[in-house]
Amino acid sequence: MTRYSVYVASLVLTVACAILVFLHHPYWLWGLAAFGAVAALGTADLLQTKSTLRRNYPVMAHFRYGLESIGPEMRQYFIEADTAEVPFSRQQRALVYQRSKSVNDVRPFGSQVDVYGLDYEWINHSLAPSAHVAHDFRVTIGENTAQPYAASVFNISAMSFGSLSANAIRALNKGARLGGFYHDTGEGSISPYHRENGGDLVWEIGSGYFGCRDERGLFSEERFVANATDAQVKMIEIKLSQGAKPGHGGVLPAAKVSAEISATRGVPMGQDCVSPAAHTAFDSPLGLLKFVARLRELSGGKPVGFKLAIGHPWEWFGIAKAMHESGLLPDFIVVDGAEGGTGAAPAEFIDHVGVPMHEALMLVHNTLVGLELRDKIRIGAAGRITSAFDIARTLAMGADWCNAGRGYMFALGCIQAQSCHTDRCPTGIATQDPSRWNKLDVPDKSTRVFHFHENTLKALRDLLCAAGLRHTSEIGPEHILRRVSPTEVRSLGALYNFLAPGDLIGKIPAHAVFQSFWAGARSDSFAAPERVLAMRASKSF
């Protein structure tokens, strides 16, 4: 009977309070209301049939639900170590907060990181450090286009209006303008809030062609030109897939398609806004490159590239072969790692789909080097980047610049509540509820975005100078060391298999993934190689 003790007690106390009220003790009305509510809850638990736990433990089951609901917060603030990355550690978040506020970010007494633990990484310093240089490191993208763009080495990743609030978009874009770096629109297109403060934009075009679609949802050249020729738009990025949910489309229910989203995306109100899993403007590697070339022409010669999360290696190899055979090249490629964030994704996708950024970046970099195309195509990379060391490591592995999404969200004040998908973001960043996002102060938060970028690049400058370098283009895999066992340390240059220029021209290098899939990849199709299809067929009965 202990299972029912709280319920029975609430019944007894309700009756007792009712008797006391009847005996002209009106202040017991408060007790009658409180205990009566608990008794009513317990009665409802007993009568419902959907939850066995509530029927077996009336009232008491709700204590479990309550504790379970605050479990993530309890672990985050009282149990997890400062260095536990779930998905970002308290130490990582604190660094962003400090740099965004331009307060002291130095630490006392020594590192909390286990320097003898597996996967510990560091950058080798020089006994002849270089003199301090300007920290505004830039890389020129689209050198041979009519409108090349000098991008910062640290920019804002794709996050759409709709996923983020109006004030969050305003603050990010104003911060980008103050710091002279770019703000990727995300596939939700260019909203009025992207335009208000005049920060540089990279317009991301996804499979829904939002902002450049016709009434049937197909790509519209006329509508593309209207946005692409805007002076604020510096580059065009075709999204093939994103790290957090590659190969997965999306649906914004009709109820959430507001007048603002309707106007921004070019979709009708009252209908579901569908973002298909695949593009309709092309269906092959060569078709993708022809689409890139067409967008470059329509935009007036602005740099055009694509973003992808690596999946089947033969599909990326097909794109690379199409580049080599046709001479049609993107101006840039952004590699999105599987560790990337999103407002909402199925659990299996966010945990188990796509190649992590390090391996994906290495594959893209190596392929372009092997085809002698690396000097013609710039590479950006994104995937859980918050610190100057994260940037240095990513550049050492082959990237020319880095993007960050959640890092800049922390600069806006994100507390990692992980309620992005509920429309109840406590900081007004990932919500469309005006009672929440109106509290986000744009002037203050844009300054924090600017300071986070500025102070992170100063820290990157200090790292490079300590290593005896003067520019981010000089950092290579030999500069980053990683502990791979209690007694073994290897540089990234020794840990990874790097191709030499020309290794993929007329031959196949002794590299497992190239040995397995390079020969069968096709520039005219994303289809699996015959050998892969044969392996699939071997499972037939």
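Things worth noting here:
- The slack in the chain from Ala9 to Ala293, taken as 0.36 nm per residue of separation less the alpha-carbon distance, amounts to 94.7 nm.
- In region 14-116, chymotrypsin sites (Phe, Trp or Tyr not before Pro) in a DSSP loop with at most 11 other beta-carbon atoms within 10 Å: Phe109, Tyr116
- Normalised contact order of region 117-263, rounded percent, pairs of Cα under 8 Å and 6 or more residues apart: 16 percent
- Cα long-axis angle, helix 90-101 against the chain (0 to 90 degrees, to the nearest 10): 80 degrees
- For Ala40 and Gln271, the FRET efficiency from 1/(1 + (r/R0)^6), where r spans their Cβ atoms and R0 equals 30 Å, is about 0.10.
- The chain: relative contact order as a whole-number percent, Cα under 8 Å and 6+ apart: 18 percent
- The chain - percent of accessible surface contributed by carbon and sulfur, probe 1.4 Å: 58 percent
- Residue range of the chain that is longest and free of trypsin sites (Lys or Arg not before Pro) which are both DSSP loop and sparsely packed (at most 16 other C-beta within 10 Å): 217-423
- Between Ile19 and Ser126, the contour length at 0.36 nm per residue exceeds the Cα-Cα span by 30.1 nm.
- Just so you know, the Cα atoms of region 1-128 work out to an Rg and Dmax of 26.7, 91 Å.
- Cα gyration tensor shape for region 113-160, rounded if a/c is under 1.5, else prolate or oblate: oblate
- Efficiency of FRET from Cβ geometry, Ser258 and Asp214, R₀ 25 Å, rounded to 0.05: 0.70
- The long axis of helix 5-22 is offset from the longest Cα principal axis of the chain by roughly 50 degrees.
- Antiparallel beta bridges, as assigned by DSSP with both residues in the chain, represent about 35 percent of the total such bridges.
- Helix 60-69 axis, angle to the chain major axis (alpha carbon atoms, nearest 10°): 30 degrees
- Counting only Cα atoms, region 468-541 measures 59, 33, 19 Å along its principal axes, largest extent leading.
- Which of Leu371, Asn155, Gly42, positive extreme of dipole for the chain (C-beta unit charges): Gly42
- At an R0 of 30 angstrom, the distance between the Cβ atoms of Thr2 and Ser69 translates into a FRET efficiency of 0.80.
- Anisotropy class of region 65-190 from Cα gyration tensor, a/c 1.5 cut: oblate
- Applying the criteria of a DSSP loop state and at most 12 other Cβ atoms within 10 Å to the GluC sites (Glu not before Pro) of region 209-276 yields Glu215.
- Value of relative contact order over region 180-336, rounded to a whole percent, pairs C-alpha under 8 Å and six or more apart: 22 percent
- With the Kirkwood sum run over all distinct C-alpha pairs, region 325-453 has a hydrodynamic radius of 16.7 Å.
- The gain in end-to-end length when the Glu488 to Glu143 segment is fully stretched comes to 120.0 nm, 0.36 nm per residue minus the alpha carbon separation.
- Three-way shape call for region 384-541 based on the alpha-carbon gyration tensor, with the a/c threshold at 1.5: oblate
The values are calculated or read from the model by the stated rules, or taken from the named source; none is laboratory data. What you are looking at is a predicted structure, and each value in this text was computed from that prediction instead of being measured. With ideal geometry, Cβ positions are generated from the backbone for all residues, glycine too; neighbour counts draw on all protein chains shown. Just the protein is used for accessible areas: all its heavy atoms, side chains included, with ligands, DNA and RNA removed. Shrake-Rupley method; radii C 1.70, N 1.55, O 1.52, S 1.80 Å.
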